[in-house]
Structure formats: structure tokens, C-alpha cells
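What follows is a single structure, written as C-alpha cells, with notes after it.
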Amino acid sequence: MSEFDTLVQGTQATLQRVARDFTPAVFASSLAAEDMVLTDLIVRANLPIRIFTLETGRLHSETLAMVDRIKQTYDYDVALYKPDTAAVDAYVQQNGLNAFYDSVDMRKECCRIRKVEPLNRALAGNKAWITGQRRAQSTTRVALDIEERDDAHGMTKFNPLADWAEHDIWRYIRDNNVPYNVLHDKGYPSIGCEPCTRAIQPGEDVRAGRWWWENPESKECGLHVVDGKLVRIKATA
Ligand code: SF4
């Protein structure tokens, strides 16, 4: 068996274990390439893991189009979690539509309203959640484990693709004819909200296009932060 086949089988085994031992469990998909690999593995195996995405109100149309493509390809309805309208209106009224460029605090508050609060709603009542994060994605993810305790949400968190390299993701997508966001073909290896994501140059860090005006160490949206600290920055031996 090839290394790649072993990688895929290990990921399938992780997902089956989540479905068997952690029901109810959910998968937080950002509709990016990694998330499409997991979507394909979950839906094809008919695993009882609910897939949802955070519809922040600021996504690219290309990203939103993935919801329809998943429906067409797999006949599967991704659940959409949207921010509280009153909270978004108050933020915009007080600070302006794009105040997240003004400071890290303003950016984190926008992420809190549009992502963190809806995520908390989506996770409530579950035993585990799954992400498409990979260790190689950025300096904030170097110590990522496949399984970890998420005390902030009171459940187990799985990152089944932690060991995957970028070329593994694209090999799986090609081999299995998995639909993917067309922005990946336009220089966007990592895709978030439209005003906070830009294309990168060859050789740049894959997360360099996310919140590019901030320091690399600040580049998490709060979804993987505990008590305001990036839990994934650990000393490497
Ligand atoms: S990524 Fe940007 S637009 Fe999206 S929630 Fe965070 S600050 Fe707001």
C-alpha cells in the first residue's frame, strides 16, 4: 500500500471512530479544498456527521457557490449558520462596514460576531467537532494534533487531515473528481471572508493571504483560540 493510501485509510478510520464513539458530531466546513476532501469522505461513507458552514455574510460568491455544488454532486444540504443580524447591524453602525482593517481588536470583534458566536451555536449539544486544518498550513498550526481536547467548547476536536500535505489534498481531489472552490486556481490556497483574503505569490506561506495586514501570530479568527490565546503555538523540540 502506498503512503498516500495509508494516509487516506487513516483518515477514514478517524472519521468512522468519530461517527461511532462521538455521536452527535459535526464537521465545520469552510468549503475550501481540505474541507471538500472531508466532505467527500463523510458523505460517500454515509457517516452520521452533520456538515455545516459559517455563512458570515462576507464570503466570496465563489465560496458560496460550493454549497450548490455539494448539493449537485452529493445531493447533500450543508447547514448554514449565520451571524445575529442585530449584532452585525450594531457593529457596522458604530464602526463602519470594514472596521476590521483598523485594529486587531476590531478584527477580532467582527470575527466574534460573524464566526465565533455562530460557531458556538453550531457546536452546542455535540460530543465532537471536526475541522479541515492541516499542520503545514501556518505558524499557528505547527503543533496540531489529529485528536485534541477543546475545553473552550467542552468537547473533543478532531483534525483528521493534520498529517496531510497540500499535494495530498490535491491528489485526493483529482483522483476522486471532488468539486472545489475555483478561487484555488486563482492564487488563493486559503480562503476566508472576501475582504480579509487575497491571492498570494508563489513561494509565500499558504496563509499569507489571510489578514495580511496583521502579524503571522495573530492570524487565527478566534475559532481555535482558548482564553484569547492561540492554543496551537507550542515550543517545537
Ligand atoms: S474574516 Fe474579516 S470579514 Fe470575516 S468575520 Fe473576520 S474580520 Fe469579519
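General observations
- Using C-alpha pairs below 8 Å separated by at least 6 residues, the relative contact order for region 1-152 is 27 percent.
- Calculated on the Cα set of region 78-158, radius of gyration then Dmax: 15.2, 41 Å.
- Beta-bridge orientation, the chain: approximately 40 percent antiparallel, per DSSP, counting only bridges with both partners inside.
- The calculated FRET efficiency for VAL92 paired with GLN9, based on their beta-carbon distance and R0 = 41 Å, is about 0.30.
- Placing pseudo-labels 7 Å out from each Cα toward the beta carbon at GLU204 and MET106 gives an inter-label distance of 2.2 nm.
- The chain: C-alpha gyration tensor shape, a/c 1.5 cut-off, then a/b vs b/c: rounded
- Among 186-198, 6-18, 29-41, sorting by the average number of other beta carbon atoms lying within 10 angstrom of each residue, highest first, gives 29-41, 186-198, 6-18.
- Each Lys and Arg Cβ is given +1 and each Asp and Glu Cβ -1; about its Cα centre, region 70-128 then shows a dipole of about 200 debye.
- Per-residue packing, averaged as other Cβ atoms within 10 Å, sorts the ranges 142-148, 154-160, 118-124 into the order 154-160, 118-124, 142-148, beginning with the highest.
- Straight-line cross-link reach from LYS108 at under 15 Å between alpha-carbon atoms covers these aspartates and glutamates, not counting any fewer than eight positions away in the same chain: GLU117, GLU214, GLU217, GLU220, ASP227.
- Local net charge near ILE51, Cβ-Cβ under 15 Å (Lys/Arg +1, Asp/Glu -1): -3
Computed from the coordinates by the stated procedures, all read-outs in this text should not be read as laboratory data. Since the structure is predicted, the reported quantities are computational estimates derived from the model, not experimental observations. Every residue, glycine among them, receives a Cβ derived from its backbone with ideal geometry; neighbour counts consider all protein chains shown.
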